[in-house]
Structures are given as C-alpha cells and as structure tokens.
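Engineer: Have a look at this one before I ask anything.
The values are calculated or read from the model by the stated rules, or taken from the named source; none is laboratory data. Note that the coordinates shown come from a computational prediction; the quantities given were computed from them, not determined experimentally. Every residue, glycine among them, receives a Cβ derived from its backbone with ideal geometry; neighbour counts consider all protein chains shown.
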Amino acid sequence: MDADLMGNLSAVPDFDSPPLDEVVVGVQFATPLSYSTVYANAVWQLYREEFPIVTEHPQLNPHFEVFGGNPEPRFEFGFGQPPLRNRLWFISEDDSHLIQFQDDRLLLNWRNRANGTPYPRHEKTQRTFAEYLKRLDALFKSEFNQGILINQAEVSYINIIPVQSLAEMGDWLRFTPPPAFEIEGVNSVFGEVVRNDMHKPVARLTCETHSVTSPGGKQNAFRLTLSYRGAPSQDSVDSAMEFISSGRTRIVKRFCDITTESAQLSWGRN
Amino acid sequence: MTISANLNSAFQNSKTTSVYNVHRGEGFRAYRTIVTAYNSVWCRNLEARFNELTSLPRGWDGYNGIPVSFTCARFAANLLERIFIDGVSEPSLVPGCDGTLQIEWHKNLFDIEIDVLGANNVIAMRFDHQTSREETLELQNDFSVLVTWIEELASERAPLATATP
C-alpha cells in the first residue's frame, strides 16, 4: 500500500467533542464452505464475556465496491434462495458497543448512549476490532482449516449535528443551497473514488447528508455519514486493518473539508 | 439494509431515500426501506438465470458440482451493472462445478469469457477471430478495461475475409 493511502495519523485533526453518534468498523469475508449455523454459538463464546446480550436480525446482503464503467449501481438483487442464516448482534452490558456477526461479516459498532461508554477513539477501537478479528480467524483455522479470507473492509463515522433550523446548514457544512431557499429537507449523497499511487482505484469514500428530526419534531439536525469501503490489498486481517486505518484518516480529512471552521471550533478542533 | 445499529438514536430521517438505510428509534415506529431498481437490461433479463444457477442441486453436473455461490453471483451482477452498454445483448452465464461463474459473449468476431472465481478474483479472456489475438487479464475490482472490450463488441467490424479457392 502506498504512503498516501496508509495516511499519516499524526497529521489527522483531533476533536475534543466531535458530533459522533455512531462508528462502525467491519469486514466482509468468504463464507467457509463447511460453515453452518451450529458454529454461531462457538463464535458467540469468543465474545460472550464482553458482549453477553444476543439478538437476531436479518442478514446483510454481500456488498462489493467495484470500479470502472457505469456509476455505482443502486439495487437489491432478489435472486437465489432466501438466506438460511441470520445476523447476530452481541451487545455489551452498557449497550454502547456491539458486534455484528453473520457467515460473511464481522462488524464492531460503537453507539452514543446517555449512560454508555464514551467514544474510545479510533486507535483503541481499531486495536479492539483487530483483536476480535484475530479470535474469529483462529476459530476458523481450527474449525475449517482456513483462516478468514477478507474481500471487503469498511469504516463509517455517523455524526449528528443539531440545529434550530435547517436554514443554518451553511453554519455547519460548506456545501449549501442558495440562501433564498426555504429548506424543507436535505438528502445528499456523493462518492469519490480513492486511488493509490499507481492510479488504481482501491476504495470509495461516500458522504451522505440527511436532515433528521427528533421524536415530535422538536429538534432538527443533520446526519452526516462518511463511509470508506473497498477491498484491502490482501485478504489478511493485517491488510484489512491497514485499509481501515487509511480509511479513517481520509474520513477525518474529508470531514474537515466539508464542515465549516466555526463548526470545527465548536467541536474543539485541536 | 444498513450496518448502522444505533437503535436509540433520537433522530429520524425526515425523508428516506437511501437504499440501505434502516432507521429505528426506540419507542418509535420501525421501518425498513428496500428499493429494487435494476440499472441495466442485462441484469433484468438475467435475473431468472442467476436464480437458476444459485439454486442448482448438488451434483448438477453428474459429479460433485455445487451451485454457483451467492457471492460469485452478486459480484458478477455488480460487474455486469458496471460494464453494461445499451444495445449489446446480455451475455450467457455458465456455471462452474466449483461454484464459480463464467460470463460469455461470442459475437462480432470476438469471444469474451469472464471467469468470476470469487469476490475480487476475476480472469477475463478475449479472442479476436479477425486478428487471432488472444488477451488474458487478471482483475480484482477495476473493470475499466472490460468496458472497452464491450464497446468493441458493439462496434461495426468488417466481416472475416474468406479464402477464395
């Protein structure tokens, strides 16, 4: 991986109180041929001490970032038999962290909770996720004679920016509609292709902005989601973690590009 | 469907347009948005074939053949959406006995075969009957060169000269 893609963590701005609502790091991998639902309990045992609560959810469909040709397709395919297995959430006691596991995914979420663990910062989150991945890798090696073969990695930062009125958009975000507009709602998505020094596409950074409201419509806010997804250069855990680290660097830099200086000051930019 | 899991987020979209989003506020109505919107005629026409290939019975080839893996099929569908050019007929889809998938065109004096061996693992071969030139490429997730191949597949070409007795 080239130096720029690796990123320089020391060059990344830091915030005392960023408007973070949720952070997700994760990987997608090839399902081991002999995997079946009976192994799900063995997977939970890997994390049970830290994540004692289990809930079940519908499976996420496979997702691949591919490049060249037509713009990114937006679709859901309906072919194939219905998924045989579910996605499991292993949830921490304080509800702030959870692991999402299904036969081809492992994700770690941190969620903003009133009485939950404060955001532990990226470096710790990344170390923790690497440790969780290595546990799963070891289980796969012992049960399936093959470690995790990662085909996609991702990192997402989801921010909530409360505002009195959507007309304040320009105070927080650099891209705004003309001031004469009476804004009823905001929904914008833009993506950019990230290339390495050989000009080869390696990832896609997506920025989504939606206007949101609290229950009862008392509080307006913007939800600003930045996601970095793609295939790591190799299918190993280390390569995936490198990819996630570089993604986080790019997300923070892009966050600074699209938010105003006054907004960054209010979040305690260092 | 989303990877977001913040059920307790106090904020909800005023309008949902994203394909993958699931937003559920604690104590509030849960809703899910799944949009089916094919971009290309190819994938629309190939939906039944994808369905057939991912549902093949084990031993379908008379030996130990397994159905096309959902991962290969999804990746192939993503690839096809990327390289779709209006006016070119959809390719043939041929299953591999090991769960892989081959995408084929044989037209305009070209043979194009794209082997989807897995996610980010593609081998593409093109044989030009006019020049007897064969190209083989190993591809991961950048299919720009295949767009060129499909454009040339669609272009007007002089017929192959036949030998006169």
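Engineer: What number of residues within region A:134-184 satisfy the criterion of being aromatic (Phe, Trp, Tyr) and surrounded by 15 or more Cβ atoms within 10 Å (Cβ to Cβ)?
Structural biologist: Total satisfying the criteria: 4.
Engineer: While we're looking at this one, here's another question. If you scan region A:255-270, which residues turn out to be touching a residue at least 60 places away in the same chain (Cβ under 8 Å) and within 18 Å of residue A:157 (Cβ to Cβ)?
Structural biologist: A:255, A:256, A:257, A:258, A:259, A:260, A:263, A:264, A:267, A:268, A:269, A:270 - these are the residues of region A:255-270 that are touching a residue at least 60 places away in the same chain (Cβ under 8 Å) and within 18 Å of residue A:157 (Cβ to Cβ).
Engineer: Let me ask something else. Among all residue pairs at least 6 apart or on different chains, which show Cβ distances below 6 Å where the first residue, located in region A:145-161, is more than 7 Å from every other protein chain (Cβ to nearest Cβ) and the second is among the acidic types (Asp, Glu) and not in a strand (DSSP E or B)?
Structural biologist: A:147/A:137; A:148/A:137; A:149/A:235; A:150/A:235
Engineer: Could you list, in sequence order, all residues of region B:52-76 that are of a type in the set (A, V, I, L, M, F, W, C), farther than 20 Å from residue A:29 by Cα and assigned to a loop (DSSP other than H, G, I, E, B)?
Structural biologist: Selection gives B:56, B:60.
Engineer: Within region A:170-268, considering only strands (runs of 3 or more DSSP E) that don't extend past its boundaries, which have at least 1 residues that are modelled with pLDDT under 90 and within 19 Å of the chain's Cα centre (by Cα)?
Structural biologist: Those strands (runs of 3 or more DSSP E) span A:187-195.
Engineer: A further question on this structure: Please determine whether any residue of region B:111-122 is assigned to a loop (DSSP other than H, G, I, E, B), more than 14 Å from chain A (Cβ to nearest Cβ) and either touching a helix residue (DSSP H, G or I) at 6+ places or on another chain (Cβ under 9 Å) or not hydroxyl-bearing (Ser, Thr, Tyr) (or both).
Structural biologist: Scanning region B:111-122 turns up no residue that is assigned to a loop (DSSP other than H, G, I, E, B), more than 14 Å from chain A (Cβ to nearest Cβ) and either touching a helix residue (DSSP H, G or I) at 6+ places or on another chain (Cβ under 9 Å) or not hydroxyl-bearing (Ser, Thr, Tyr) (or both).
Engineer: Which number in (1) more than 11 Å from every other protein chain (Cβ to nearest Cβ); (2) farther than 27 Å from residue A:32 by Cα marks the one condition that residue B:101 misses?
Structural biologist: All conditions pass for residue B:101, except number (2).
Engineer: Identify the single condition in (1) over 27 Å from residue A:29 (Cβ atoms); (2) away from chain A (no Cβ under 12 Å) that residue B:151 does not satisfy, given that it satisfies every other one.
Structural biologist: (2)
Engineer: Okay, next question. Quick check on this structure: which one of A:204, A:223 is buried (at least 21 other Cβ atoms within 10 Å of the Cβ) and touching a Ser or Thr at 6+ places or on another chain (Cβ under 9 Å)?
Structural biologist: Answer to the selection: A:223.
Engineer: While we're looking at this one, here's another question. Can you tell me which residues in region A:185-195 are in contact with a helix residue (DSSP H, G or I) (Cβ under 9 Å, 6 or more places away or on another chain), of a type outside the set (D, E, K, R) and surrounded by 15 or more Cβ atoms within 10 Å (Cβ to Cβ)?
Structural biologist: A:186, A:194
Engineer: Another question, then. I'd like to check which strands (runs of 3 or more DSSP E) are fully inside region A:19-134 and have at least 2 residues that are within 11 Å of chain B (Cβ to nearest Cβ), touching a strand residue (DSSP E or B) at 6+ places or on another chain (Cβ under 8 Å) and touching a residue at least 60 places away in the same chain (Cβ under 8 Å).
Structural biologist: It comes to A:20-29, A:105-111.
Engineer: Hey, can you tell me all the residues within region B:107-157 that are more than 15 Å from residue A:69 (Cβ to Cβ), without any contact (Cβ under 8 Å) to a residue 40 or more places away in the chain and touching an Asp or Glu at 6+ places or on another chain (Cβ under 9 Å)?
Structural biologist: Matches in region B:107-157: B:111, B:113, B:121, B:123, B:125, B:126, B:127, B:128, B:129, B:134, B:135.
Engineer: Considering every residue within region A:226-242, establish whether at least one is free of Cβ contacts under 8 Å to residues at least 12 places away in the same chain and either at positive phi or surrounded by 21 or more Cβ atoms within 10 Å (Cβ to Cβ) (or both).
Structural biologist: The answer is no; no qualifying residue exists.
Engineer: Of all residues in region B:48-81 being of a type in the set (Ser, Thr, Tyr) and at the interface with another protein chain (Cβ under 9 Å from one of its Cβ atoms), which is farthest from the chain's Cα centre (by Cα)?
Structural biologist: Checking each candidate, the answer is B:55.
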